[in-house]
1. Over all residues in D:236-245, what is the mean tally of Cβ atoms on other chains that come within 10 Å of each residue's Cβ?
2. Measuring label to label, 7 Å along Cα→Cβ, what does residue B:218 give against each other copy in nm, shortest first?
3. Quick one: Karplus J couplings for region D:314-328, per residue in order, coefficients 6.51, -1.76, 1.60, θ = phi - 60°, nearest Hz, x for Gly and Pro?
4. Need one word for the protein assembly as shown: rounded, prolate or oblate. Basis is the Cα gyration tensor (sqrt eigenvalues a ≥ b ≥ c); a/c below 1.5 gives rounded, then a/b vs b/c decides.
5. Please state the relative contact order of region C:150-326 as a whole percent: Cα pairs under 8 Å, 6+ residues apart?
6. Do you know the Lys pair count in region D:150-326 for C-alpha distances under 21 Å, with sequence separation 8 or more or different chains?
7. Cut-off 10 angstrom, C-alpha nodes, Gaussian network model of chain D. Which of D:271, D:108, D:298 fluctuates the most?
8. Shielding of C:295-307 by partners, i.e. mean partner chain Cβ atoms within 10 Å per residue?
Protein chains: 4
Amino acid sequence: MSKLKVGVLGATGMVGQRFVQLLENHPWFEVTALAASEKSAGKSYGEAVAGRWKVSSRVPDYARKIKISDCAPDIDCSIVFSALDAGIAGRIEQSFAAEGYAVSSNSRNHRMEPDVPLIVPEVNSSHLELIDSQKKGRGWKGFIVTNPNCSTIHMCLALKPLHDTFRIEKAMVTTMQALSGAGYPGVASMDIIDNVIPFISGEEEKIETETLKILGSLSGSSVENAGLAVSASCNRVAVSDGHMESVSVKLSMKADEQGIVDAFRGFNPLRQLGLPSSPSQPVIVSEEPDRPQPRLDRNLESGMCSVVGRVRKCGVLDFKFTVLGHNTIRGAAGAAIMNAELMKVKGYI
Amino acid sequence: MSKLKVGVLGATGMVGQRFVQLLENHPWFEVTALAASEKSAGKSYGEAVAGRWKVSSRVPDYARKIKISDCAPDIDCSIVFSALDAGIAGRIEQSFAAEGYAVSSNSRNHRMEPDVPLIVPEVNSSHLELIDSQKKGRGWKGFIVTNPNCSTIHMCLALKPLHDTFRIEKAMVTTMQALSGAGYPGVASMDIIDNVIPFISGEEEKIETETLKILGSLSGSSVENAGLAVSASCNRVAVSDGHMESVSVKLSMKADEQGIVDAFRGFNPLRQLGLPSSPSQPVIVSEEPDRPQPRLDRNLESGMCSVVGRVRKCGVLDFKFTVLGHNTIRGAAGAAIMNAELMKVKGYI
Amino acid sequence: MSKLKVGVLGATGMVGQRFVQLLENHPWFEVTALAASEKSAGKSYGEAVAGRWKVSSRVPDYARKIKISDCAPDIDCSIVFSALDAGIAGRIEQSFAAEGYAVSSNSRNHRMEPDVPLIVPEVNSSHLELIDSQKKGRGWKGFIVTNPNCSTIHMCLALKPLHDTFRIEKAMVTTMQALSGAGYPGVASMDIIDNVIPFISGEEEKIETETLKILGSLSGSSVENAGLAVSASCNRVAVSDGHMESVSVKLSMKADEQGIVDAFRGFNPLRQLGLPSSPSQPVIVSEEPDRPQPRLDRNLESGMCSVVGRVRKCGVLDFKFTVLGHNTIRGAAGAAIMNAELMKVKGYI
Amino acid sequence: MSKLKVGVLGATGMVGQRFVQLLENHPWFEVTALAASEKSAGKSYGEAVAGRWKVSSRVPDYARKIKISDCAPDIDCSIVFSALDAGIAGRIEQSFAAEGYAVSSNSRNHRMEPDVPLIVPEVNSSHLELIDSQKKGRGWKGFIVTNPNCSTIHMCLALKPLHDTFRIEKAMVTTMQALSGAGYPGVASMDIIDNVIPFISGEEEKIETETLKILGSLSGSSVENAGLAVSASCNRVAVSDGHMESVSVKLSMKADEQGIVDAFRGFNPLRQLGLPSSPSQPVIVSEEPDRPQPRLDRNLESGMCSVVGRVRKCGVLDFKFTVLGHNTIRGAAGAAIMNAELMKVKGYI
């Protein structure tokens, strides 16, 4: 099988770098184009990221020599991964989709549009069916598929098995989010040393709205939101990678702690699909009383799983637990890549 | 007026050092005894804390020369502040109370005993009346008064004005707690660098039980717990001083954001008492969208107030907000000192 | 005595904020003007720094209401403190000096010009005499006086007593510098978490050249550089405030460790002058084996002294020791204020 | 070829965990014994390190079930790796050597004994010849080989190519060392947050003495120290793994920056030996002006190389540069494993 040609839009930023790293030696995809803003265009990728490569492994050899393209829909590939800033992602992603590219986007711009799938493969793969109406409705040769916000992905991976088994009525989450989630240069060091910042612009709204769409049901050519209430409080902490979330849930059905742990552990709906980036276990339950922890657990399953711990009763809602997930792997670049793998298996690309 | 003689038990530890610092030049109290474990006894305080003084100001001159005593009830003072470890605090504090000392304790041992006041001066000063029944019931010449756990104090300072005005039914809190709260050596640096620890032994239980007693009503010779549900999730973060808390509340009465802010700002029940350690404003409301923050706000009002910010609607309960407070000042040593000031004004010492 | 009117240029940045903080209640100076770039001009200072105030105390009340001026020489004061970026400081400071203002600058632009004093008051106060030739040579009604780079100041405070007593031939320094030295937003958090950056642009050159001028001798209308060799290696570490320096020196004259400690402790040439910002002891020698440390010692003498420790033999040069100093107080804003105090006492303003 | 049986002494500590991790799937060695102190003996390794495993990967499956032995010379293997504390390492390692085991030790106890090889394979592999006289002189069936202190190893890897080419006369180093070097619990978090500690007990002495032996020449049955002067200043910084060193050297022979870079790059004396843990390049030269950095570069060559950067002239000695190396991999466990690989290739085991 020859590999599918893929490109990365916004390839020089923090998430773009993760795409470049994770796509090295991908069994299905071959990177043939790296696109970025005008100030990088024309340089080799190696030159463009010199002094700005923030992933703790070297720039992959395959990428060093690639000449950076403009973000215009004339690059040599059929799939593009978008790590573009929200300020420009909307227009550019549309131009690519119109020209026939499959766009797998990590940007927030189109996530909440009714005809755009917002996908977490283990949670709502059926929502990919929106692609057809999207193409028809917009008259595009290609299409856009999105993945959720980094905090939302990991929360939804944890909520889905509980929602399936016990029906969640309410979910409250307080996040402690890593610095890499803010991009580069992102958070100033003087703002986070010996400190916590109790605010991340737009983040709480994303968690509260995206979750309802992801857990919702496909109904004709749109998604009917799930009927649960979600409340989020977001904080930035001095951690490089790995978002932590304290979650409490109210359930419709009777449950106990063991039942909740069993639901997490039994959750593996894509086991048979063989997606290359799929974790062998999407939700890992940690038994130790003080886990998960970002530094120790964020790289489990190559950063593609969510890690849950401290499952216990909640005195206000019903149960509470802690969720950890890698925010730039499963929470961003890895999510978009896994979405593309799912599209391929499902015949959309 | 000559000053009252006071002593500090457990004077060499992290909280003990704060007592020593905060009591320098106190207008009502004069430190005449510093007591610690046997391995320090006999040394001068300066020698005993050499290489172990972790407060970012110098060892006060008044304390350097004081010879460290054993923790036995024969020291020259009438009030003792206890910063003893829970493993030994119970027995020692009792021996002091039996011998006629007023014990103002930061240790957890006696907090939940029915005849022991658990005091936050602005919240439940009337609970000091338990002193009489305690002395009578136990046959002691002195007595024990306690202050709550560091996280609980700041949460209660924030909850009290809302409880008075709108009656709180449920309160959920996720904490992000500072390292100094674990004492010294406390948390290992390898456990917290680039990390969050989602567990603090015993902390959630303390918050969930102490809060009910503090907000409860005096009923004869005991306290009737307040009738609200409290759920806490506690995390340790890489911050030196200053506990952050994401709080959500459900209220019995109708409220709006402005009403909540007004309740915080109007709360100042001790304004007239003139306690030396009293903040001019117990609950400060921060207007900026990304505040409070530990590094920037923990020293407001000399670390004796709680700082609230981000008051907004909650999609699961009714309202949510962030609380910050200095954990070793208002959350520990400063709390016990202010309790003693209250006892003096109320005539108990 | 009525106070002298002073202004701050670049008042909204990291060093500008320190000027505003340190000038509150200054006994000799009264802030009558705060100037900043065009995007702040016209706002009140309180508005301009909202969300950008990074000093861990509140914006002083006196400053909140001051309307921000342009950085043009028509503001109501006789002395200006400059915290301007090097990109614009040169031209603006000259325009103020030409119009008759006394400019006390923390910017690097004019430091190495032959007719501009580069002053550390305890080290080379006589270099202020360059003011006369500067005014005459440039035809200015006012003048410019500069203070050194933050690392240089503390190194020179430590070197001067040794140079006076033992004549230094060579000095080698490796710095570990705080984040606040890079301004705001300055160092990206992703660049410093769990990390050290072994490079600070231009810093090594500043230390190597400024030191020679500061320790040099006034010779007619210029300064003859001191005849020692200096080599610097500069690193950025995850510390908010307080630069650490490992220093080794080769001396012309015979010395021993006690002699070196005595030289540090005996150094207090301005004891009689009564400058308000003068530390009671410019160089404090720490006895404990693991001090000085930034978090514990940077605020000694209100951040206006240097703290030395670990004086011992060096197997390559003669002696080595560690120096710590607060980089935005004595290393920047406090330095410029103390220079202005010296100018006043010496009759230049 | 069947694998050689190896054991780890002190297997539960920070360095012991690295041994267990690095020996997973080793092509030549098979772990058949894990030994630790009495309080762990009898437990499975998985139980013993539960809650204490601080390496950011899971406990290897092979190790989980191994029952922990006492540190007594009756365990089933022919080679033991020692990660014992210095307080007990001396006696225990001797007992193993006496009984016929090959001991590859990371402990400091025997490093400086005349008949004990102190080995960095690329630097002084010939010193292994001391084994013969050691066995004869002590009447042991086995023997002890040691690796240097973590900072010394990386400095020697950088110094050796320069010493070979240009003859080093003097070397001065200031280190910024990682937390993992202090073991677990090691450095208290309150001691290092927002801080630098300018002291590591015994470290400067180790660097200053071990370097001379490593760079020395074998002369009959002992090593003649190299004739250079070394001075070290050691600091602890808030970094998890990866020691940084600012090094300056004085050379006997004329050199320029390119010649120094060429010496580093041309240094690969073991290229032909095929040791499994050998880095493909022992000293990597970083071209970027702000590298090496611990977070980004410590895992190059799987943590087995040294990374050098910022080669430039020194105004006091001749040249200066920065060295980075992983302190628990090439600086400890990986060093001892590579030493054992060398012993095998050289026929000592």
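No lab work stands behind these numbers, since they all come straight from the coordinates. All figures in this text were calculated on a predicted structure; none of them were measured in a lab. Glycine gets a Cβ as well: all are built from the backbone with ideal geometry, and neighbour counts include every protein chain shown.
1. For peptide D:236-245, the averaged partner shielding equals 6.
2. 6.7, 7.2, 8.6
3. These are the phi-based 3J(HN,Hα) values: 10, x, 10, 9, 9, 9, 9, 6, 10, 10, 10, x, 6, 7, 9 Hz.
4. Judged from the Cα gyration tensor, the protein assembly as shown comes out rounded (a/c under 1.5).
5. Relative contact order here is 28 percent.
6. Pairs that pass both the separation and distance tests number 19.
7. D:271
8. 3
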